[in-house]
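The values are calculated or read from the model by the stated rules, or taken from the named source; none is laboratory data. Note that the structure is a prediction, hence the values are computed from the model and not measured. Methodologically, a virtual Cβ is constructed for each residue, glycine included, from the backbone with ideal geometry; neighbour enumeration extends over all protein chains shown.
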Amino acid sequence: MQIKLKLSARQQQVLWATIRRYVETAEPVGSKSLVNEYDLKVSPATIRNAMGFLEKSGLLYQPYTSAGRIPSDSGYRIYVNELIQPSEQLGRQTDRLLHTQLDWEGCSFEALLRGAAQILSTLSGYVTLITLPNANQAVLRHIQLVQVSPRQGLLIVMLDCYGPQSILIQLPEVVEQATGSSEQLDRELKILSNFLNTHLKGRSLSEVTLLDWNELDQKFQQYAQTLRQAVVSLSRHRQSPASTQIMISGLSEVLRQPEFSESHQIQAIVQLLEEEQKQIWPLIFETEMSQNTNPGVRIWIGSENPIEPMKSCALVSAMYRRDATPIGSVGILGPTRMMYENAIAVVEAASDYLSKAISQPA
């Protein structure tokens, strides 16, 4: 969102100082406090004039008569768009902690996301939201067929984004008659496993239906229909709405903020995060997908949020990607009285880390 308003250098300085002071104290800001806390090198009268202009412009407002000023959503928007830069120090700290405390080679990607969410909420002091990768983009790492009985097999699939997935399959009756021994069936299932790995490894889950089963040797065509049904069934299961899961961390910390002092506010946020995640998913993932030309950080401030319980909140999010393809999102949710410099730095560092982790070769 762009606010078309030309501010002088002095007005920008006063807006920046007012917002920084309000973020620190959660109290309306007066000109005297700005004189005492910031070296603005101007008189209190000059600051009052600047604050008066900012108020008339809709960037600050008085919550009640004789009070100091607090930022409006439009004031925060100019602050974010024009007056700040992400904290380089916190960005480096975030990157260091993610690399030293997490092991992307020694754990599942889902466990990696949970660990990252905890680190980000601790660093930022806000709620961290990290979506599991879009199931359509999950990449097959390994496929194995295992004999369970002469008539049953287990299809095991390893995905880069999730833990092992498996499905029990009924082997055709003709297989039992043809193989004659458990050892021979094991050998045939191993050959089939090699075929599936050769043709599907490294491909996304959405591509499994494209496998040309006619390439399977005639000897193994008796398995084709059973395996086709099993692979498609597994693919559809992973693409169900349940896979649009969001990792959440830091809820207890952010609810201590004065903005959430009313019980109905707490209840609305908790219900949204714990029971109505489907509402949030399009905001932090699908909206970004529809604006794929901008790979950077997306920020929703207060009334810009289309979801009612979030209209007193700010959401800072960025996509993490496999190569150039967005597959998930990292977000920080807190009050509009947010330290945006920190939130942006944390989100940028985390999205970069997760992009590298998910792009590692098998």
**OP:** Say whether the condition of being assigned to a strand (DSSP E or B), assigned by TED's automatic domain parsing to the domain that holds Asn194 and touching a His at 6+ places or on another chain (Cβ under 9 Å) is met by at least one residue in the range 131-145.
**Re:** no
Subject >> Among the candidates Arg96, Arg48, residue that is at pLDDT below 95 and either assigned to a helix (DSSP H, G or I) or not assigned by TED's automatic domain parsing to the domain that holds Gly334 (or both) >> reply: Arg48
**OP:** For the range 294-339, name all the residues that are over 25 Å from Gln118 (Cβ atoms) and touching a residue at least 24 places away in the same chain (Cβ under 8 Å).
**Re:** Pro295, Ile301, Gly302, Ser303, Glu304, Glu308, Asp323, Thr325
Original post:
Among (1) modelled with pLDDT of 70 or more; (2) among the polar types (S, T, N, Q); (3) surrounded by fewer than 11 Cβ atoms within 10 Å (Cβ to Cβ); (4) farther than 17 Å from Val146 by Cα, which single condition is Ser181 missing?
Top reply: (4)
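I want to confirm something. Restricting to the range 7-27 and keeping residues that are assigned to a loop (DSSP other than H, G, I, E, B) and either among the polar types (S, T, N, Q) or more than 33 Å from the chain's Cα centre (by Cα) (or both), which single residue is surrounded by the most Cβ atoms within 10 Å (Cβ to Cβ)? Explain how you work it out, then say what you get.
Pass one, the range 7-27, residues assigned to a loop (DSSP other than H, G, I, E, B): 7-8, 26-27.
Pick out the ones that are also either among the polar types (S, T, N, Q) or more than 33 Å from the chain's Cα centre (by Cα) (or both) and you get 7-8.
Values: Leu7: 19, Ser8: 10.
Checking each candidate, the answer is Leu7.
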**OP:** Of the numbered conditions (1) in a loop (DSSP other than H, G, I, E, B); (2) modelled with pLDDT of 80 or more; (3) within 17 Å of Pro133 (Cβ to Cβ), Pro306 fails exactly one; give the number of that condition.
**Re:** (3)
Subject >> Qualifying helices (runs of 4 or more DSSP H) (wholly inside the range 248-300; at least 2 residues being at pLDDT below 80, of a type in the set (S, T, N, Q) and touching a helix residue (DSSP H, G or I) at 6+ places or on another chain (Cβ under 7 Å)) >> reply: none
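Just give me the residues in the range 82-111 being more than 30 Å from Ala9 (Cβ to Cβ), of a type outside the set (S, T, N, Q) and surrounded by 12 or more Cβ atoms within 10 Å (Cβ to Cβ), in sequence order.
Restricting attention to the range 82-111, the residues satisfying the condition of being more than 30 Å from Ala9 (Cβ to Cβ) are 93-111.
So of that shortlist, the ones also of a type outside the set (S, T, N, Q) come out as 95-99, 102-107, 109-111.
Within the range 82-111, Asp95, Leu97, Leu98, His99, Leu102, Asp103, Trp104, Cys107, Phe109, Glu110, Ala111 qualify.
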**OP:** Kindly provide the set of residues from the range 43-68 that are crowded, with 16+ Cβ neighbours inside 10 Å and β-branched (Val, Ile, Thr), ordered by number.
**Re:** Ile47
Original post:
Can you find a residue in the range 318-326 that is assigned to a loop (DSSP other than H, G, I, E, B), at pLDDT below 90 and out of contact with any Ser or Thr (no Cβ under 7 Å at 6 or more places or on another chain)?
Top reply: yes
Original post:
Would a scan of the range 213-221 turn up a residue that is modelled with pLDDT of 80 or more, farther than 25 Å from Arg141 by Cβ and in the same structural domain as Ile156 (by TED's automatic domain parsing)?
Top reply: no
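Taking the options Glu110, Glu37, Glu105, name whichever one is of a type in the set (D, E, K, R) and in contact with a Cys (Cβ under 8 Å, 6 or more places away or on another chain).
Working: Glu37 fails: in contact with a Cys (Cβ under 8 Å, 6 or more places away or on another chain); Glu105 fails: in contact with a Cys (Cβ under 8 Å, 6 or more places away or on another chain).
Checking each option against the conditions leaves just Glu110.
For the range 232-246, state whether one or more residues are at pLDDT 75 or above and of a type outside the set (Gly, Ala, Ser).
Within the range 232-246, the first condition is being at pLDDT 75 or above, and the residues that meet it are 245-246.
Imposing the further condition that a residue be of a type outside the set (Gly, Ala, Ser) reduces the set to 245-246.
Taking every residue of the range 232-246 in turn, at least one turns out to be at pLDDT 75 or above and of a type outside the set (Gly, Ala, Ser).
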